[in-house]
Every structure is written in structure tokens, then in C-alpha cells.
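S.K.: I'd like to ask you about the structure that follows.
Values quoted throughout were computed directly from the atomic coordinates according to the rules given, and no laboratory measurement underlies them. This structure is a prediction, so every number in the text was calculated from the model and none was measured. Note: ideal-geometry Cβ built from the backbone for every residue, glycine included; neighbour counts use all protein chains shown.
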């Protein structure tokens, strides 16, 4: 039913937040001087086509690290809290969580990230593991795919210990989707139903113990 949206957010989110799938190539940005980071993102919403919106009010957290010797690729862990959707019939608030989560309104996910250039801007391509979400006994939803976010701060060649990434979507359609001529997006599937496109709205602020600099190419 509407669990799809929840999963989407996780994947994304959902993530909130450094990105990368395996097929990245020529058009890459690089972040020098950073080996690991922690971060937070506020209110996050996920929308799948023809499905209710799933909201995670937070606090939402992300931790990550770059692969050894890499300035573009790494792994992340995502933890969303106060997650819920609306009953499509009665309008009541329904709590959502990932399978195995200790709390009934917590969504956890993980994945890989790759620092890229998208639409002539530095960005992050996140590839989460397929994540299953259950909302108060409703059918399990599987969220997968990829999501691209835009790095809004700092600017290229400017050193900073903070990095802000924005994920914007018009409903189920992500604003930034193109990388090296290929479109990327999150997907959601409820039970054995059709796989649908999904979009994530969230802004993440990442912090590093050391200052890093984005080199845009």
C-alpha cells in the first residue's frame, strides 16, 4: 500500500546523504581532507507515485566514511525517527519502521555514496541497500534504486568542516536525476505490486573533524 514511500526515504535518505553507485565514471567531484563524517537532517518526506507521503520528523542522523584512499566513494548509515504516514481511509497517523528496528517509528538504512558533478554542480549519488518498511501491519514495502542530491555549501575549492546537501523533488520526481547521461531515481514496491518511482525531500548537514575541500571537475 503506502509503505513504499517510507522505504524510499530510507534509501534515500534516504538519506540522507553522501552518494555513489558502482557505475560512476568521468564526471566526478572530489572531497580532499575528509575521511569520515556525521550529520543531521531535519523534516524528511518521501512520496511514491499514487501513494501517501511518508514523513520522518526526526531527529534524523547519518554517519559515513570514505573508502581507504578514496576522495569520492564511501559508505553511510542512516537513522530516521518519528516516521509515520496517514491511513488512506480514516486519516489516522500510522507509525512506520524498518524490519528489525527496535522502535515502531524508526527507519534504518545503509548504502554507498559517490561524490559527482550533476548539472554542472557538485553533488552526491547515494545507492542504498534494498530496504523493507512496515507501517502498522500494512503490506511490506521494498525501497531501492538511487538518489542524487546537490551540494549547496561550501562552494568548489573552499575549505570547510561542514557540507550541506539538498534533496529536492516534485512529488515522486527527484529534481536532480542525471549523471553521465543516465537518470537515477528511487523505487518503491508494495508486496508483489508494480515498482514505482519515488522522490525524497530533505536537507542534510554533514560535519567532519577536519576541513575538506571540494574539487569540481
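S.K.: Order these by the 10 Å Cβ neighbour count, fewest first: 139, 109.
M.R.: 139, 109
S.K.: Hey, what angle do you get for helix 3-12 against the long axis of the chain, alpha-carbon based, 0 to 90 degrees rounded to 10?
M.R.: Between the helix axis and the principal axis of the chain, the angle is about 10 degrees.
S.K.: Counting other C-beta atoms within 10 Å, which of 142, 86 has the fewest, and how do the rest follow?
M.R.: 86, 142
S.K.: Based on the alpha-carbon gyration tensor of the range 28-134 and its eigenvalue square roots a ≥ b ≥ c, which shape applies: rounded if a/c is under 1.5, prolate if not and a/b is larger than b/c, or oblate?
M.R.: prolate
S.K.: Let me ask something additional. Within the range 113-141, whose backbone N sits under 16 Å from a point 7 Å along Cα→Cβ of residue 90?
M.R.: Inside the label zone: 135-139.
S.K.: Still on this model: For residue 210 and residue 32, calculate 0.36 nm times their separation in residues minus their Cα-Cα distance, and state this gained length in nm to one decimal.
M.R.: Net length gain for the segment: 63.1 nm.
S.K.: Taking the Cβ of each residue in 41, 90, 167 as the centre, tally the other Cβ atoms inside 10 Å and list the residues starting with the fewest.
M.R.: With the sparsest Cβ surroundings first, the list reads 90, 41, 167.
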